[in-house]
Structures are given as structure tokens and as C-alpha cells.
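Every number here is computed from the coordinates shown, using simple stated rules; none is lab data. Everything numeric here is computed off the predicted structure, so don't read it as measured data. Virtual Cβ from ideal backbone geometry, glycine too; neighbours counted across all protein chains shown.
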Amino acid sequence: MGGTQSLHTNSKDEALALPTTESVTIALRTQQIVAYESGLADTVDPLGGSYYVEALTNKIEAEAWDYIKKIDEIGGAPEAIAKGYIQKEIQDSAYKWQMDIEKGNKIIVGVNKFQQEEEAPKNLLRVDGSVGELQAKKIAALKAKRDNAKVEAALAALKAACADDSVNLMPLILEAVHAYATEGEICGVMREVFGEYKSHVAL
């Protein structure tokens, strides 16, 4: 009702496995009810002018600017990430949220209020292990019939470009894709130059 530009509805079993067709359909129908039955989509901003919504908007804006000022004082977003400030703020917020739920300060229906005994879901989607084996065979077949010299040249060019901050990597990535380099191979050469990101843990 606040005029969202998009609305994603998670499937009920998404936290446990790939969603089943049934759970995806329920999520989709939820969106369709909002879009076609509720009338919310008939107005650009159904709560426009609401004192309470405007007050919340002003509060969020003020708090957002406070964060921006703090991050600027640290030296900008990259420096704030390197020092673990942003990660710590997210961790602290998540911890407070969970504590509020466990103490009953925040009500989550079905979690800490109005619960009912339920058995563990039995109809979770199970992906056949043979799917992975089939994909591995497809990749092996691809590597056997592609022009591997062309692949190696494309990957070498990409790796060299990764070391030059002035080069746009996207054309070189596409060139490697057109040569049938795999995603793993492309990421592998980039990893050799850039390394892997390791989050700074701030206590």
C-alpha cells in the first residue's frame, strides 16, 4: 500500500528446499489476489498523504542520512566494509530482531504467538542425484568438442585484462563465453587475479 514497485512472494518451503510447483502456485496466487482482487493496483499511491506514512517516511529518511554521515566519516563505503562497520550493523540488527521475537516484544504469528504443532513437511522437492551426473557429462562432452586453444586464449586475455583497472572486462567475458568457456573457468581466472573476498568480522 506504500506504492511498492515490485512485490516478491517467497514460497512456503523455499527455506528448506527448491520450492514445489504447489508452493510456487500459492505464492503466485497471493500476488494475483493483491493485483487483481484487492484494487490496490488501481491507484498509484493509495496511502499518499497519510500522516502516519509520511511520518514513517521522514523517520526512515533521517535515519538513512545518519548512516550515510557515519559511513562518510569512516571514509566511505569501501572503507566501512573493510573495517567491518556495515557487517557489524547488520549483525547487531539481526540479533536485536531475533531477541525481540524470542522475548515476545515483536509478534510473528505462527512463530512466537498462535503456534500449532505441525509435522515436518513431507513433500519437499527432491532433486535426483543423476541430474548432477548428467550435467557433468554434458560439460565433459562440451570440453571435448570445443576449440580448447581458443578457450585458453580467451581466458588468458581475460586474466590479463583483470590486472588492468582501465579495461572493461565484459567484452572479454563474452568472448570467453562465445568460445564455450564454462562459468567455472571464467570465474577461476578472475579469482587468480582478484582473489576471494573474505568478510572482516567485527566484534
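Annotations
- In the chain, the longest principal axis of the Cα atoms and the axis of helix 148-162 are about 60 degrees apart.
- Proximal lysines relative to Lys106, as straight alpha-carbon distance under 30 Å, when same-chain residues fewer than 8 apart are discounted: Lys12, Lys59, Lys69, Lys70, Lys88, Lys96, Lys122
- Rounded to 10°, Cα long-axis angle of helix 51-74 versus longest principal axis of the chain: 40
- Neighbour net charge for Leu56 - beta-carbon separation under 15 angstrom, K R +1, D E -1: -3
- For the chain, alpha-carbon Rg over 2.2 N^0.38 Å: 1.49
- Shape box of the range 144-194 [Cα atoms, principal axes, largest first, Å]: 34, 18, 15
- Förster radius 30 Å - calculated FRET efficiency between Trp97 and Arg29, Cβ distance, rounded to 0.05: 0.55
- Legend: calculated FRET efficiency, Leu142 to Ile81, from the Cβ-Cβ distance at R0 = 41 Å, rounded to 0.05, equals 0.65.
- Calculated P(r) of the range 1-119 - Cα pairs past 16 Å, %: 79
- Summary of the geometry: the range 120-134 and the range 16-70, compared by the centres of their Cα atoms, lie 33 Å apart.
- Multiplying each eigenvalue of the alpha-carbon gyration tensor of the range 90-203 by 5 and taking the square root yields semi-axes of 45, 26, 10 Å, largest first, rounded to whole angstroms.
- At an R0 of 25 angstrom, the distance between the Cβ atoms of Ser6 and Ala64 translates into a FRET efficiency of 0.80.
- Of the chymotrypsin sites (Phe, Trp or Tyr not before Pro) found in the range 108-203, the ones in coil according to DSSP and having at most 15 other Cβ atoms within 10 Å of their Cβ are Phe114, Tyr197.
- Relative contact order [Cα under 8 Å, 6+ residues apart], the range 1-158, whole percent: 22
- Sorting Arg191, Arg126 by the number of Cβ atoms found within 10 Å of their own Cβ, with the fewest placed first, yields Arg126, Arg191.
- For the chain, modelled as a GNM whose springs connect Cα atoms under 10 angstrom apart, the maximal fluctuation among Gln116, Gln87, Gln135 occurs at Gln116.
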